[in-house]
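So the structure is just underneath, and the comments pick up after that.
The values are calculated or read from the model by the stated rules, or taken from the named source; none is laboratory data. Source: prediction; values computed, not measured. Using ideal geometry, Cβ is built from the backbone for each residue, glycine included, and neighbour counts are taken over all protein chains shown. Only protein heavy atoms, including side chains, enter the accessible area calculation; ligands, DNA and RNA are left aside. Shrake-Rupley method; radii C 1.70, N 1.55, O 1.52, S 1.80 Å.
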Amino acid sequence: ACAMDWQVLTRELSLYLESQVRVGLFGSGVGLSLVLGFGVAYACYYLSSIAKKPQLVASNDRFCRFLEEYCPVVTETYYPTIWCWEGRVQTLLRPFITSRPQVQYRNELIKTADGGQILLDWFDNNDSLYYPDASTRPTVLLLPGLTGTSKESYILHMIHQSEMLGYRCVVFNNRGIAGEDLLTPRTYCAANTEDLEAVIHHVHSLHPSAPLMAAGVSMGGMLLLNYLGKTGRDTPLMAAAIFSAGWNVFESVESLEKPLNWLLFNYYLTTCLQSSISRHRQMLEKLFDMDLVMKARTVREFDKQFTSVMFGYRTIDDYYEDASPCRKLKSVGIPVLCLNSVDDVFSPGHAIPVETAKQNANVALVLTSCGGHIGFLEGIWPRKCTYMDRVFKQFVQAMFEHGNKIFSM
């Protein structure tokens, strides 16, 4: 009897607790009110502080009007993914979240004046309906980031966008980074533009009648800016797009050396740099103490022991000064659109050369409040197209199809 009474009591108590949880939280509306209240508060915060129109910085009113008409995405509100809008989170998640479009490349190795070789990956787009004539098909030269290659998801997405528009793409892989052998004890850096100059000359010579643009991401953007600052108007490029470039290398490395940023990004990036040269150790040991290089624990240490020495700089500060595109922005002689997020730990917002950009009619900066480094995720589940992809697509299309109007509006 006692056992039966205990079972009855237990069952009744369970039913009572279930009813109280159900009624107390949702039947009475308390729990639902809490959830709704939190949701409304978060939505208000998101819409007031996170989702904002980018800041468009350009001294040339005609360039601004051109962008407003043919590249309107730069004037529209950017809505970062609501559950991962913070810069570090966007930076970390983008490689894992975004899809990887299938791209079939044609590989080409070109020789350099010093005996080295560069691997180019071509997407010819021979099925282009808009530009069936290969000799005049618009071409986009793509420059990946520090240790990036043609396999990076952001490069694949740019090619996918270009494919839809009918354009041809070619990816410039830095020396020794994409599986090809290193024929000389030399790799690459953000300041030395010799390899890029050789690639641009080569691509232009193959298709002299085809309009040519370039787009650089992160260090690729820095290299492209340094090239444009050096050449001015004397370049086959008609325009360029720059994404998440580090404008001031001193500020970039200082930001990356903050404890959390070192843990999340700096150490990993350093190991990627070391991994990229370890395969060429036998060649590089001719000039470098590779044991010392492999002990580096920060990008600054790696550059001090390896990059600055390779390219003949007296000190690492000399290299960083020469590699900083902010010093050359005044000399850019073709239309350039530069997208940065002010919460990018690789390129902190306070180091973006807003005032310098205002002194060059060829330059437009697009600054978002969120987006991180090559992040710019948007949508509830940002698998396909990012804000960066949309800026790229609209700008290259605007320049190829309406570029002659840019200074006549």
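Given a 1.4 Å probe and every protein chain left where it sits, what share in percent of the accessible area of the stretch 237-303 is carbon and sulfur? Could the numbers behind the result be given before it?
On the way: 1790 of 3170 Å².
The C+S portion of the solvent-accessible surface of the stretch 237-303 is 56 percent.
In the calculated pair distance distribution of the stretch 248-359, what percentage of Cα-Cα distances lie above 24 Å?
36 percent
Summing +1 for each Lys or Arg and -1 for each Asp or Glu, what net charge is found among the other residues whose Cβ lies under 10 Å from the Cβ of residue 166?
Working: positive: 137, 168; negative: 127, 163.
Taking every Cβ under 10 Å from that of residue 166, the sum is 0.
7 Å from Cα along Cα→Cβ at both residue 331 and residue 209: what's the point-to-point distance in nm?
Simple spin-label model gives 3.5 nm for this pair.
With θ taken as phi - 60° and the coefficients 6.51, -1.76 and 1.60, list the Karplus ³J(HN,Hα) couplings across the stretch 239-247 in order, rounded to whole Hz; mark glycine and proline as x.
Per-residue couplings from phi come out as 6, 8, 10, 10, 10, 6, 6, x, 7 Hz.
Stretch residue 233-residue 114 to full length: gain in nm at 0.36 nm per residue minus the Cα-Cα span? Please list the in-between numbers first.
Details: separation 119, 0.36 × 119 = 42.84 nm, distance 2.62 nm.
Using 0.36 nm per residue and subtracting the Cα-Cα distance, I get 40.2 nm.
Per the Kirkwood treatment, what hydrodynamic radius in Å, one decimal, follows for the chain from the mean inverse distance over all distinct Cα pairs? The partial results should precede the final answer.
On the way: mean 1/r = 0.0431 Å⁻¹.
About 23.2 Å for the chain.
With a sphere of radius 14 Å drawn around the Cβ of residue 135, what net charge do the other residues whose Cβ falls strictly inside it have (Lys, Arg +1; Asp, Glu -1)? Please report the intermediate quantities before stating the final value.
Details: positive: 137, 168; negative: 124, 133.
Neighbour charge sum, excluding residue 135 itself: 0.
When the chain is modelled as a GNM with alpha-carbon springs shorter than 10 Å, which of 369, 275, 150 fluctuates the most?
With Cα springs under 10 Å in the chain, the top fluctuation among 369, 275, 150 is at 275.
Taking the alpha-carbon distance from residue 286 and a cut-off under 20 Å, which lysines remain once sequence neighbours fewer than 8 residues away in the same chain are dropped?
295, 304
At 1.4 Å probe size, what's the solvent-accessible area of residue 83? Round to the nearest 10 Å².
Accessible area of residue 83: about 120 Å².
Taking Rh as the Kirkwood radius computed over C-alpha pairs, what is the Stokes-Einstein D of the stretch 223-295 at 10 °C in a medium of viscosity 1.306 mPa s, expressed in µm² per second? If you can, show how the numbers build up before the last one.
On the way: Rh = 15.4 Å.
Estimated diffusion coefficient is 103 µm²/s.
Compare 291, 318 by solvent-accessible area with a 1.4 Å probe and give them largest first, with all protein chains kept in place.
On the way: 291 90, 318 50 Å².
Ranking 291, 318 by accessible area, largest first, yields 291, 318.
Run the accessible area of the stretch 50-169 with a 1.4 Å probe and give the carbon-and-sulfur part as a rounded percent. Write out the running numbers ahead of the final one.
Working: 2760 of 5350 Å².
Its accessible area is 51 percent carbon and sulfur atoms.
When the chain is modelled as a GNM with alpha-carbon springs shorter than 10 Å, which of 79, 42, 70 fluctuates the most?
42
Only bridges with both residues in the stretch 206-351 count here: give the DSSP antiparallel percent, nearest 5.
Working: 0 of 9 bridges.
Counting DSSP beta bridges with both partners in the stretch 206-351, the antiparallel share is about 0 percent.
Sequence gap at least 6, Cα distance under 8 Å: using those rules, report the relative contact order of the stretch 255-347 to the nearest whole percent. All intermediate terms of the calculation are to be shown ahead of the outcome.
On the way: 45 pairs, mean separation 27.1, N = 93.
It rounds to 29 percent for the stretch 255-347.
Compute the Cα gyration tensor for the stretch 99-152, then decide on rounded, prolate or oblate, letting a ≥ b ≥ c be the square roots of its eigenvalues: rounded whenever a/c is under 1.5, prolate when a/b is larger than b/c in the other cases, and oblate in all that remain.
Details: a/c = 2.46, a/b = 1.36, b/c = 1.81.
Cα axes put the stretch 99-152 in the oblate bin.
At 1.4 Å probe radius, can you tell me the per residue accessible area of the chain in Å²?
So the chain comes to 46 Å² accessible per residue, rounded to a whole number.
Would you calculate the separation in nanometres between label points at residue 75 and residue 301, each defined as 7 Å from the Cα along the Cα-to-beta-carbon direction?
Label at residue 75, label at residue 301, 5.0 nm between them.
List the aspartates and glutamates whose Cα lies under 17 Å from the Cα of residue 405, skipping any in the same chain that are fewer than 8 positions away.
Counting by Cα, and skipping residues close in sequence, residue 405 has these aspartates and glutamates nearby: 61, 68, 69.
Checking the a/c ratio against 1.5 first, then a/b against b/c, what shape does the Cα gyration tensor give for the stretch 334-394?
Details: a/c = 3.40, a/b = 1.53, b/c = 2.23.
Note, shape of the stretch 334-394 comes out oblate.
What angle do you read, to the nearest 10 degrees and between 0 and 90, between the alpha-carbon axis of helix 30-45 and the longest principal axis of the chain?
Helix 30-45 and the main axis of the chain meet at about 20 degrees.
Could you pull out the trypsin sites (Lys or Arg not before Pro) across the stretch 174-263 that fall in loop regions by DSSP (anything but H, G, I, E, B) with no more than 15 other Cβ atoms inside 10 Å?
Values: sites: 175, 186, 230, 233; in loops: 175, 186, 233.
Counting only loop positions with at most 15 other Cβ atoms within 10 Å, the trypsin sites (Lys or Arg not before Pro) in the stretch 174-263 are 233.
So how much slack lies between residue 281 and residue 136, counting 0.36 nm per residue of separation and subtracting their Cα-Cα distance, in nm? Provide the component values of the computation, followed by the final result.
Details: separation 145, 0.36 × 145 = 52.20 nm, distance 4.23 nm.
Full extension of this stretch gives 48.0 nm more.
Find out how many positive minus negative residues lie around residue 124, taking Lys and Arg as positive, Asp and Glu as negative, among other residues whose Cβ is under 10 Å from that of residue 124.
Details: positive: 106, 137, 168; negative: 127.
Charge balance near residue 124 sits at +2.
Based on the alpha-carbon gyration tensor of the stretch 133-177 and its eigenvalue square roots a ≥ b ≥ c, which shape applies: rounded if a/c is under 1.5, prolate if not and a/b is larger than b/c, or oblate? Please list the in-between numbers first.
On the way: a/c = 3.69, a/b = 1.75, b/c = 2.11.
Note, shape of the stretch 133-177 comes out oblate.
Largest first, how would 38, 265, 96 line up by accessible area (1.4 Å probe)?
Details: 38 145, 265 15, 96 165 Å².
So, going from the largest accessible area down, we get 96, 38, 265.
In whole percent, how big is the carbon plus sulfur part of the accessible area of the stretch 327-395, probe 1.4 Å, protein atoms only?
Working: 1240 of 2240 Å².
Carbon and sulfur atoms account for 56 percent of the accessible area of the stretch 327-395.
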